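One structure below.
The values are calculated or read from the model by the stated rules, or taken from the named source; none is laboratory data. The model shown is predicted, which means the values in this text are computed figures rather than measured ones. Note that each Cβ is placed from the backbone with ideal geometry, even for glycine, and that neighbours are counted across all protein chains shown.
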Amino acid sequence: MSRKIDITLDVNGARYVHAADTRSTLVDFLRDELKLTGTHIGCEHGVCGACTVLIDGEAVRSCLMLAPQADGASIVTVEGLAAPGGELGPLQRAFRKHHALQCGFCTPGILTTAHALLTQEPGADADRIREVLSGNICRCTGYIPIVQAVLEARAAYRGPARAGQPL
Amino acid sequence: MTFVQNATLVGTSLERLEDERFLSGMGQYVADIRKAGMLHAAIVRSSVAHGRIVRLGLDAARALPGIHAIVTAADIPQPIPRIPLRLVPLPEFAPYHQPVIASAKVRYVGEPIAVVVADSRALAEDAIDLIEIEIDSLPPVGDRDVDAGGSFLFEETGTNVALRYHTTSGDPDGAFATAEYTRKETFQVQRHTAAPMETRGLTAQWDASGQTLKLYGAAKVPYFNRRALAAMMNLPETSLELIEVDVGGGFGVRGEFYPEDYLVPFVARMVGKPVSWIEDRREHLMATNHSRDVGATVEIACAKDGKITGLRGEVFGDMGAYIRTNGGVVPTAAGMFLQGPYRIANVDITVLALMTNKTPVGTYRGPGRFEANFFRERLLDMAAADLGIDPAEFRRINLIREDELPYSIGKRAPHLPEAIYDTGDYHNAFERCLTEIDWAGKAAIQGRLIDGRYHGVGIASFVESGGAGPKETSRFVLEKDGMVTIAVGSSMLGQGLETTFSQIAADALNIPISAFRIDHGSTARLADGLGSYHGRSIIVGGSAVLDGANKFRTAVIEAAANLLGRPNSELRFENGAVVSDAGASVGLGQIATSRPPEDGLLSVDGIFLVNKPTYSYGTHAAYVAVDPDTGRVEVLDYVAVEDVGRAINPMIVSGQAIGALVQGLGGVFLDHLIYDEQCQLLTASFADYLMPTATDFPSLRSIALELRLSPTNPLGAKSAGEGGMVPVAAAVGNAVGAAVRSCGTQPLTLPLSPSKVWSLIHESAAAAR
């Protein structure tokens, strides 16, 4: 009832050629096969947003996609948001400063969603940030500090020097 | 009792030490635990709410490749273990404890019937699809009138009322007989629950040679669970290690002992390989504790001048199908906190715990309090309106004054000691909240239709207990490299303990915070720990850290005395080193490395014993606009004021308050576990079970006061995690009530969904025509 096929994909800048079970979701593939457990599973039906990753720059729910559908894709997970030396990026630093996380479980999906937003719309205002983040559920923070953190991180996404660069 | 005088870190909004691993994807949650050769379990659950199991057909499932075991009640040692109560273990509850697996009967949708162990979760679920389950349905019990249908969850008890008790203070009958004014109303808070972002999960690893078990995924109360599991598995406690990795939120429901906490270790021992079970979201919504679902009929007696002379009522809690570990906490606490922060001499409260064919109920942030405050504060506003008294003035008349403290409300349950509010300035917090929301300025818009919406402001005051005893422990270990590991009996569920405990220890010892590592990861570290609930981690756990720090200083000085050849009296601990009057000095690293190997690491135990709860208090105010065309309520402004005694980390305290507010607002407007008449759960996905999202409640403010230190603990801290939750339904209910007052009907039940609010406005208008 299941078989494996080889898929090729870039994840956080590294190239993988890896067998994927045809009925495996992308999030299970990332977590179980590539051992990238920073991406979390909260509902497995596309509502909570905890599993959000960037696929070719777009924020996507990795629980709603089969792994073979990611063949040829370029993916960024939460593990790819820090600088190469492991130093936290501006969004991550702002989250820490504003106490925009408590238990940390939804945080990877919120960071990837916010990163995609600010990359595309570095001038997003609070209403726009709330609108985009309304697809991610957080049970700890009440969202207010998350919005403050994303607002503050906007500065780092502005200007030609940073446009299009991974953070 | 005194705290360190030179506090430099306590009271500051230090960024959290745990955040870096969470932000970089390096947190380790239970589903991230991988063991060589690990198998995966899935639970077969009842799809019938009430019935007798006739037959389980397992052959086809067992024949599937990759299936290692299918375990049913027949495979579990008899008698089937039942889950003990951790809190309020009243003898009346004995017939209702949950067996770890259903054998003859099923009593709720989601009850475990079998466990499948397979090479993968997907294969285990494939096998579940092949299992034939034959159940003869029995009439389900779902209504409040639980005994009316003659169908009993536990036939041997002959009733579905598990508990009924009655408490009084003063002369309630006399007060009501002579009252100038009375009003009686019936209220209901709907069934809902915490729904943390991480579902439950366990990984069990059995070592056959040593006959020992490691269980990953413990949370909240690992030491209690170790004790319970050891008894069920017939093993010494020391043969079990419960390991707490990162936990994706708890809010009361996570970490309690559930059937899976036995079943997963049982199958791991049986198959001889590590077994992982990760709950999926559908399972979570039908298997993890539900909460709230408390109703009450409450009557108030007042003098015409607004003085409350009596309060009486009947509180009924729907407990679901079994009494789980939290016992009767939810309805008991609702009875306990019905009086609130008011001077009421004559009180009469009856509490009932009702059994129904629904998922069992446990505690969720502010258990019983969210409900009780809604009941009382709504009734207060209705009484004030009847008497023509401003709601704020009505509360001023009745709020307990500081010169009346300590104030006893008596024994509010047969099993509880007398409850005595200790310290506080209730009026101060109340007036601060009124100022912040501009109560006086908003009088003009109260109940007014402005730009097509009814506007209203509501207030609610509360008092709230925290810091349950009787004890917590800590262990300070000086590691070889000079670092200090502090093992704690408290558990971390996202509330930032690694940071706040480090702040306390660093101040107490006056050494850099980077010198500490907080170890909450294993039951192997301490003899016992009570864990994290009832707002107790800082109060009781933090005080145990403080005690450990003081003993650690003494022990280090003693160790240095030998090295320096000076008496203890000439030594002091300064800046990470023991210094003599003569100026000689020896650092922690040197003390660590100079210990003879046979002495092991320098280690001291801290303990804090306490037999009284803390009482935090405060007032919330909500300003709302109600759209009569849609029934939608917008929260335009919200202010929460609470006296937390001492805030160890104000940023974290604020985060707790705002997070609790939004969870509470979800309980007011959104969260709802709905059952149909057959007791089928209709809200078993996040598409059906609604929770607040980022667009819902953008305008909230919290103000943590440090008006009065708690007398129960040397930190002076009071519970800070639940006060943001407990009066939210009360404040919003009053705001909506004020907004729609001209329509004639008042909100008495939650949730205040658009359809319900619309009906409030239009059905009363229709009735008036």
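Filtering segment B:239-251 to residues that are away from chain A (no Cβ under 12 Å), of a type outside the set (Asp, Glu) and either free of Cβ contacts under 8 Å to residues at least 40 places away in the same chain or outside any strand (DSSP E or B) (or both) leaves only B:239.
Remark: residue B:98 falls outside the filter, which requires a residue to be at pLDDT 95 or above, out of contact with any His (no Cβ under 7 Å at 6 or more places or on another chain), within 26 Å of residue B:325 (Cα to Cα) and surrounded by fewer than 14 Cβ atoms within 10 Å (Cβ to Cβ).
Counting the residues of segment B:491-525 that are in contact with a strand residue (DSSP E or B) (Cβ under 6 Å, 6 or more places away or on another chain) and either within 14 Å of chain A (Cβ to nearest Cβ) or on the phi > 0 side of the Ramachandran plot (or both) gives 2.
For segment B:331-372, the set of residues classified as among the acidic types (Asp, Glu) and out of contact with any Ser or Thr (no Cβ under 6 Å at 6 or more places or on another chain) consists of B:371 only. Selection of first residues in segment B:645-668 that are more than 7 Å from chain A (Cβ to nearest Cβ) and under 21 Å from residue B:733 (Cβ atoms) and of second residues that are surrounded by 24 or more Cβ atoms within 10 Å (Cβ to Cβ) and acidic (Asp, Glu), restricted to Cβ pairs under 8 Å at least 6 apart or on distinct chains, gives the following pairs, ordered by first then second residue: B:657/B:642; B:660/B:722. Mind checking which residues of segment B:420-438 are without any contact (Cβ under 8 Å) to a residue 24 or more places away in the chain and either assigned to a helix (DSSP H, G or I) or not assigned by TED's automatic domain parsing to the domain that holds residue B:707 (or both)? Within segment B:420-438, B:431, B:435 meet the criteria.
For the residues B:199, B:203, the requirement of being buried (at least 23 other Cβ atoms within 10 Å of the Cβ) and either small (Gly, Ala, Ser) or under 17 Å from the mean Cα position of the chain (by Cα) (or both) singles out B:199. Inside segment B:713-739, residues that are of a type in the set (D, E, K, R) and within 14 Å of residue B:650 (Cα to Cα) make up a count of 1. Within segment B:691-719, the set of residues being more than 30 Å from residue B:425 (Cβ to Cβ) and either away from every other protein chain (no Cβ under 14 Å) or buried (at least 19 other Cβ atoms within 10 Å of the Cβ) (or both) comprises B:691, B:692, B:693, B:694, B:696. Name the residues in segment A:67-93 that are in contact with a helix residue (DSSP H, G or I) (Cβ under 6 Å, 6 or more places away or on another chain) and more than 10 Å from chain B (Cβ to nearest Cβ), would you? Selection gives A:67, A:70, A:90. Counting residues in segment A:41-64 that are at positive phi, surrounded by 17 or more Cβ atoms within 10 Å (Cβ to Cβ) and within 7 Å of chain B (Cβ to nearest Cβ) gives one or more.
Within segment B:715-729, at least one residue is in contact (Cβ under 8 Å) with a residue 60 or more places away in the chain and in a helix (DSSP H, G or I).
Tallying residues that are surrounded by 19 or more Cβ atoms within 10 Å (Cβ to Cβ) and in a strand (DSSP E or B) within segment B:603-622 yields 12. Tell me, which residue of segment B:588-602 that is modelled with pLDDT of 95 or more and not in a helix (DSSP H, G or I) is farthest from residue B:416 (Cα to Cα)? Looking at the filtered set, the residue picked out is B:601. Residue by residue through segment A:15-42, note down the ones that are of a type in the set (A, V, I, L, M, F, W, C) and more than 16 Å from the chain's Cα centre (by Cα). A:17, A:19, A:20 - these are the residues of segment A:15-42 that are of a type in the set (A, V, I, L, M, F, W, C) and more than 16 Å from the chain's Cα centre (by Cα).
Of all the numbered requirements in (1) without any contact (Cβ under 8 Å) to a residue 24 or more places away in the chain; (2) under 25 Å from the mean Cα position of the chain (by Cα), residue B:490 misses one, and that requirement is (1). Looking only at residues in segment B:439-482 that are of a type in the set (Lys, Arg) and not in a helix (DSSP H, G or I), the one that is farthest from residue B:402 (Cα to Cα) is B:480.
Taking the conditions (1) of a type outside the set (Lys, Arg); (2) surrounded by 24 or more Cβ atoms within 10 Å (Cβ to Cβ); (3) within 12 Å of chain A (Cβ to nearest Cβ) in turn, residue B:642 satisfies each one other than (3). So, residue B:90, is that one surrounded by fewer than 20 Cβ atoms within 10 Å (Cβ to Cβ), in contact with a His (Cβ under 9 Å, 6 or more places away or on another chain) and either more than 14 Å from chain A (Cβ to nearest Cβ) or over 30 Å from residue B:227 (Cα atoms) (or both) or not? Criteria met by residue B:90. Pull up segment B:676-690, narrow it to residues that are surrounded by 21 or more Cβ atoms within 10 Å (Cβ to Cβ) and at negative phi, then point me to the one that is nearest to the other protein chains (Cβ to nearest Cβ). Across segment B:676-690, the extreme among qualifying residues is B:686.
Residue B:744 meets the stated requirement of being more than 26 Å from the chain's Cα centre (by Cα) and over 20 Å from residue B:373 (Cβ atoms). Across segment A:116-138, the qualifying residues are those that are surrounded by fewer than 18 Cβ atoms within 10 Å (Cβ to Cβ) and either of a type in the set (S, T, N, Q) or in a loop (DSSP other than H, G, I, E, B) (or both), and the one among them that is nearest to the other protein chains (Cβ to nearest Cβ) is A:134.
Taken over segment A:8-40, residues that are more than 16 Å from residue A:110 (Cβ to Cβ), within 14 Å of chain B (Cβ to nearest Cβ), touching a strand residue (DSSP E or B) at 6+ places or on another chain (Cβ under 9 Å) and in a loop (DSSP other than H, G, I, E, B) amount to 7. Taken over segment B:1-41, the criterion of being in contact with a Pro (Cβ under 6 Å, 6 or more places away or on another chain) and modelled with pLDDT of 95 or more is satisfied by B:13, B:25, B:35, B:38.
When the criteria are applied in full, residue B:671 meets the requirement of being crowded, with 16+ Cβ neighbours inside 10 Å, assigned to a loop (DSSP other than H, G, I, E, B), within 14 Å of another protein chain (Cβ to nearest Cβ) and out of contact with any Gly (no Cβ under 7 Å at 6 or more places or on another chain).
If you check residue B:481 against the conditions, is it touching a Leu at 6+ places or on another chain (Cβ under 9 Å) and in contact (Cβ under 8 Å) with a residue 40 or more places away in the chain?
no
Considering B:578, B:540, B:635, the condition of being at pLDDT 95 or above and either touching a Leu at 6+ places or on another chain (Cβ under 6 Å) or on the phi > 0 side of the Ramachandran plot (or both) is satisfied by B:578 alone.
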